[in-house]
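Remarks on the structure that follows.
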Amino acid sequence: MKDHGEERRYYFQKHRATTLHYDLRLEMVGMLKSWAVPKGPSLDPAVKRLAVMVEDHELSYDGFEGVIPEGKYGAGTVMLWDYGTFRILDNDEPMAGLKKGRLKFAVSGEKLRGTFSLVRMRDTKNWLLIKSRDGQEKPGYDITEDMPDSAKSGKSMEEIAKTGPVFKKD
Ligand code: MN
């Protein structure tokens, strides 16, 4: 199966659970591969952001924004901070990159643009998210500080929190 360059779904959520963090979700092998990124992305290639691989999400999860009720997994406020598509750059098969612990991909989001790498640290669930030097890097710029609100609704975390919990039908 050769799907190099295929357009895939990309989401970056901002999630206030026990602590505030960001959740990167990339469509691969029929799932949304997910990483919790405590500090969120940086456009500065010198800044390596910890990205802890967490459970896959179903594709049907599809960029949720709202409030997960108390007692449910991930309880708290979720913002769709960014979304769009991405393409895998250096592997014909995403599984190979995941196994090797090295994924290079080009993001076309509302906020994030250009090439990023996810690099796994030896024998752990810990990866590093790093912006490539591709002409779209911004050294010293803090995108999470400068663009804090939802790419979907324009709402702040406080405004989303006020909308109240969303109970799934199932
Ligand atoms: Mn989360």
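The values are calculated or read from the model by the stated rules, or taken from the named source; none is laboratory data. Keep in mind that this is a model prediction, so the values were computed, not measured. Here Cβ is always computed from backbone atoms with ideal geometry, including for glycine, and neighbour counts include all displayed protein chains.
Out of all the residues in segment 1-54, which are of a type in the set (Asp, Glu) and either within 12 Å of the chain's Cα centre (by Cα) or near the ligand (Cβ under 10 Å from one of its atoms) (or both)?
Within segment 1-54, ASP23, GLU27 meet the criteria.
Could you go through segment 104-112 and let me know if any residue there is in a loop (DSSP other than H, G, I, E, B), more than 16 Å from the chain's Cα centre (by Cα) and in contact (Cβ under 8 Å) with a residue 24 or more places away in the chain.
Just the residues of segment 104-112 that are in a loop (DSSP other than H, G, I, E, B), to begin with: 110-112.
The next check asks that each one be more than 16 Å from the chain's Cα centre (by Cα); those that pass are none.
No, that holds for no residue.
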From the list LYS48, LYS14, LYS39, which one is farther than 15 Å from PHE105 by Cα, surrounded by 14 or more Cβ atoms within 10 Å (Cβ to Cβ) and out of contact with any helix residue (DSSP H, G or I) (no Cβ under 8 Å at 6 or more places or on another chain)? LYS48
Out of (1) within 15 Å of the ligand (Cβ to nearest atom); (2) under 13 Å from TYR22 (Cβ atoms); (3) touching a Leu at 6+ places or on another chain (Cβ under 8 Å); (4) hydrophobic (A, V, I, L, M, F, W, C), the odd one out for ILE143 is which? (1)
Of all residues in segment 68-103 being polar (S, T, N, Q) and within 24 Å of LYS155 (Cβ to Cβ), the one that is surrounded by the fewest Cβ atoms within 10 Å (Cβ to Cβ): THR85
Residues that are modelled with pLDDT under 90, outside any loop (DSSP other than H, G, I, E, B) and away from the ligand (no atom under 15 Å from the Cβ), drawn from segment 60-99: SER60, PRO94, MET95, ALA96, GLY97, LEU98, LYS99
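Answer with yes or no whether GLU6 is of a type in the set (D, E, K, R) and within 20 Å of LYS131 (Cα to Cα). Don't jump to the end; show me each part of the working.
Working: of a type in the set (D, E, K, R): yes; within 20 Å of LYS131 (Cα to Cα): no.
Here the answer is no, as GLU6 does not meet what is asked.
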Considering only residues that are more than 18 Å from ASP23 (Cα to Cα) and exposed (fewer than 14 other Cβ atoms within 10 Å of the Cβ), which ones fall in segment 104-123? MET121, ARG122, ASP123
On the basis of being buried (at least 18 other Cβ atoms within 10 Å of the Cβ), under 18 Å from the mean Cα position of the chain (by Cα) and in contact (Cβ under 8 Å) with a residue 24 or more places away in the chain, does MET147 make the cut? no
Just a yes or no: is a residue in segment 136-152 hydroxyl-bearing (Ser, Thr, Tyr), assigned to a loop (DSSP other than H, G, I, E, B) and farther than 23 Å from VAL29 by Cβ? yes
